[in-house]
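Please read the structure below before turning to the comments.
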Amino acid sequence: MAKYTVIRIVKGILSAVCVVVMIMVLVYSLMDRTVIFAGDPNYSKMQSNARTTYEQSRYQAFGYIDYATYSDYIKGLFASGEIDDETRAAALKIGITPEKASETANEYIAKFTQMYESQGYTITRLDADRKTNGKVKDGGQAVIYATRDRPLIKRVWSYFTNMLFFDNVHYVDESIDIGERTLTFTLHDPVYGGEKFSPAIIGNGTLHKYLLYFDNKFPFIHQNFVTLNLGESYTVNRGVDVFETMNATQGSYVKDTVEYPTGLVEESADDLHTATFVAGSLDQNAMYSARFVDDYTHTITHKANFSKLGFSFVIGIIATIIAYIIGLPLGILMSRYKDGILDKIGTFYIIFIIAVPSLAYIFLFKAIGGALFKLPTTFDMDNGTAAMYVLPIISLALPSIANLMKWMRRYMIDQMNSDYVKFARSGGLSETEIFTKHIWKNAAIPIVHGIPSSLLFAMTGAIITERIYSVPGAGNLLTQAINKYDNGVIVGVTLFYAVLTVISNILGDILISTVDPRISFTSKGR
Amino acid sequence: MHEDLSQFTDEELFAPISHSDAESEKIAAPRYSYWKSVFRVFFRKKINIIALALLLFVILFAYIYPSVTEYDPFANLLDPNSKHLGPTQALNYFGHELRWILGTGASGEPTFDAVWNGARISISLAFICAAINMVIGVMLGAVWGFSKKVDMVMMEVYTIIGNVPMILIISVLSMLFSPTFWTMVFALTIVGWLGIAYFIRTQVLIIRDREYNLASRCLGTSIFKIATKNILPFMTSVIVTLLATELPSYISYEVFLSYIGMGMSEMSLGRLIYAAEAAMVTPGWEMEFWSPVAIAAIITVVLYLVGQNLGDASDPRTHM
């Protein structure tokens, strides 16, 4: 069994990789990349050469190409101290046409070209865009830039190698002076004032300041040594990882008395434990310099409500449990009294759910629930009551009840004509005994296989239900990402779905082989 | 009587009958015609006749009504009094005609006409997609079930493609091409056949190694003949039942896609529901929203009912 499970897991990982490759081909290679500008208000304001460079920078942000400009190259040289201010000014005078460029500029342009062409870039030089009177148009300044298409294999490779991020003291660029790069272990977490006993590991030179800490939120001990990186969002939730987008709390801020490292005490929602390094941020922003003593300034804020995943999970898991509690007994009763009144009503209900478009019956539930039972029909995160969960849960549970009833009834009826049932009957067992002790146990096996999948997929959320009741859940994330062309999120969410499918299939198989010892996935013992 | 017979010679008593192979092979059992029995069983139930009549009516109406009437959604665009009228208001405003019976929509168009035009598009989509997917799915599924080598490859393909969210494929395709009717057909069929093929593959696996097929193979029957003569008849009821769930599912899926904003550009039922979503909560406008919902529900329920019962009837075991 162990060997079999390992093979299944390896196969599962392979198929998840294949899914990611397919998705990357679909979104990066097949889709027209100019569509990203369709809803971009900045794009229409740009003109001339500025528009071209803006296009390139956006392509880079969406992950289509690698892009570098000549001016950034010179700035980089200046920052590293390779050239002085005078040379920089001279090198930036690239002229309105190549002939008019300064001597120094030509020299550095040649260096720039050589450096990037050797890496497979294409160098583009746009001459200044001039009006008829010879003046340069708005945004028409001459530019030089290098672009390179990201090949698929490289993209897939970097996606998977960057997926797990291991935090280390060399994360922060070596050229930045941040003092000694170490990990310190303390028994008294400074966030709690340095008095209270609370072990923590604090890093300097790492991305996260707190690598290990305790707090009052589930699961109470948190680590930042290894973080999951599913892909960066660009339009849906700018610059934030997909996994964090799904996991971050939502709603209004929860303010608490926070003592900042400078000693400033304030009512704030900042969670100091989540501080990450942002180079140079301390000096750039007066707000940060009043609060922090180093560049670990970026914090996540405490918010009052569940995350996207949390909302979907709460609604989904309750709906799934209700569905199993109601659906299975009803299915058994339908088969027990086959062709009876309950069976007929149940069949009618099943047909209704299968045949009527889901959109139609969810709207029906909403209309009935809102008008007859006076239940809230829209979700309000901040002023809501528990009643707002009722309709989404019912809308999710009712179709799964029908589905479970259908299959339970089918499996029970299939078992009813088996020899062992006839034998039990001839042995004088009562019908109830036969049903509860014999048929049910056999009929439940295929149902058991679906349990892990329905529990895990409760997390992903239901698109229509969440949309109709405006639940801030994870179900809409994929559609939202597609509508906004957020490639990072599309890939991340798909991978998340694929991994869930793989896990739930494996768990389902393991579960049925434990429930029913006759089922064996290994050829041994057969 | 007995004495009288003796007066006759053998020639007079018996007439020779020429020997016929065809006659001697005849079995004196009642004639059995498969499809006749299917329809006999099907029409035995009253509900089936009603459902079939309703289905035929809806389909014929959806195709004939829009082609005999003129429908211009923007004819009343400039008339501010014509918008969002309830049924009685519309009948009073425009006169007592069938097309105003459900009121008017956002640009003063008759809801009744809009719904039937949408129904025609949705039904066409369902039938075309089902036809393509069923043909490809059943043929490939049969091969998939028969060949162990194909099975090994296809199972991996199935697990991989099954993980790619369907809405992603559809949205990418509708971005690649413009979201027209035929793009939608393409998007729904490009991977849609896979599920059907997998279903058929499982069914083929179940009966492939049954004794009668083994016997047939031992007697030297070709695989092709086994597939068409031994297995296909067994599968008819399965295929019909599958079709009964597939056809309505395309209509439902189209409605779903339109609702999340990834539908086609034609005003199908789904698009009508999507466009009228805001009208649902506005008092007096509900008709615009519930009419396409109701028609979509009627079409899918009737399709499902007829299909399921036809599937039951096409199972030879019910022909007793």
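Nothing in this text is a laboratory measurement; each read-out follows from the coordinates by a stated rule. As the structure is a prediction and not an experimental result, all values here were calculated from the model. Cβ placement follows ideal geometry from the backbone for every residue including glycine, while neighbour counts extend to all protein chains displayed.
Ordering B:152, B:235, A:246 from the fewest to the most neighbouring beta carbons within 10 Å gives B:152, B:235, A:246. Taken about its Cα centre, the range A:1-158 carries a charge dipole of roughly 800 debye when the Cβ of each Lys and Arg holds +1 and the Cβ of each Asp and Glu holds -1. Measuring spread by the Cα atoms of the protein assembly as shown yields a radius of gyration and Dmax of 34.9, 146 Å.
Helix by helix through chain B, keep the DSSP H runs that span 27 Å or more along the axis on Cα and average at least -0.5 on Kyte-Doolittle, and give those back in order. Sorted by number, the helices that extend far enough and score high enough are B:46-68, B:111-146, B:232-259, B:286-313.
Distance cut-off 25 Å, Cα to Cα: go down the list A:484/B:83; A:406/B:148; A:75/A:131; A:11/A:154; A:11/B:148 and report the pairs above it. Exceeds cut-off: A:484/B:83; A:406/B:148; A:75/A:131.
Compared with the dominant principal axis of the Cα atoms in chain A, helix A:390-416 is inclined by about 50°. Taking the Cα centre of the range A:82-143 as reference, the dipole from Cβ charges on Lys and Arg (+1) and Asp and Glu (-1) amounts to some 420 debye. The shape of chain B can be summarised by an equivalent ellipsoid whose semi-axes, obtained from the alpha carbon gyration tensor, come to 54, 31, 14 Å from longest to shortest. Helix A:2-24 and the long axis of chain A differ in direction by around 50°, with both axes built from C-alpha atoms. Normalised by 2.2 N^0.38 Å, where N counts its residues, the alpha-carbon radius of gyration of the range A:231-322 equals 1.33. Note on the range A:288-408: Rg/Rh from Cα positions, Kirkwood definition for Rh, rounded to two decimals, is 1.22. Above 28 Å, the calculated P(r) of the range B:77-228 contains 50 percent of its Cα-Cα pairs.
Can you give the angle from 0 to 90° between the axis of helix A:308-336 and the longest principal axis of chain A, with both taken from C-alpha atoms, to the nearest 10? Roughly 20 degrees, rounded to the nearest 10. Name the residue farthest towards the positive end of the dipole of the range A:1-77 from the options A:37, A:50, A:23, assuming +1 on Cβ of Lys and Arg, -1 on Cβ of Asp and Glu, about the Cα centre. With unit charges placed on the Cβ atoms, the residue in question is A:23. The residue list A:346, A:398, A:376 was ranked by how far each Cα lies along the charge dipole of the range A:328-404 toward its positive end, using unit charges on Cβ atoms, and A:346 comes out on top.
Too long at a 31 Å Cα-Cα cut-off: which of B:149/B:225; A:422/B:36; A:366/A:441; A:93/A:209; B:36/B:149; A:308/A:338? In this structure, A:422/B:36; A:366/A:441; A:93/A:209; B:36/B:149; A:308/A:338 lie more than 31 Å apart at Cα. With N counted as the residues of the range B:1-160, its alpha-carbon radius of gyration over 2.2 N^0.38 Å works out to 2.17. Straight-line cross-link partners of residue A:217 among the aspartates and glutamates, defined as a Cα under 15 Å from its Cα and at least 8 positions apart when in the same chain: A:256, A:270, A:271. Summary: within chain B, the longest segment free of trypsin sites (Lys or Arg not before Pro) located in DSSP loops with at most 13 other C-beta atoms within 10 Å is B:46-209.
The fewest-to-most ranking of A:479, A:262 by surrounding Cβ atoms within 10 Å reads A:262, A:479. Centroid-to-centroid, using Cα positions, the range A:82-98 and the range A:408-468 are 77 Å apart. Among B:277, A:174, A:466, B:109, the ranking by other beta carbons within 10 Å of each residue's beta carbon, starting with the fewest, stands as A:174, B:277, B:109, A:466.
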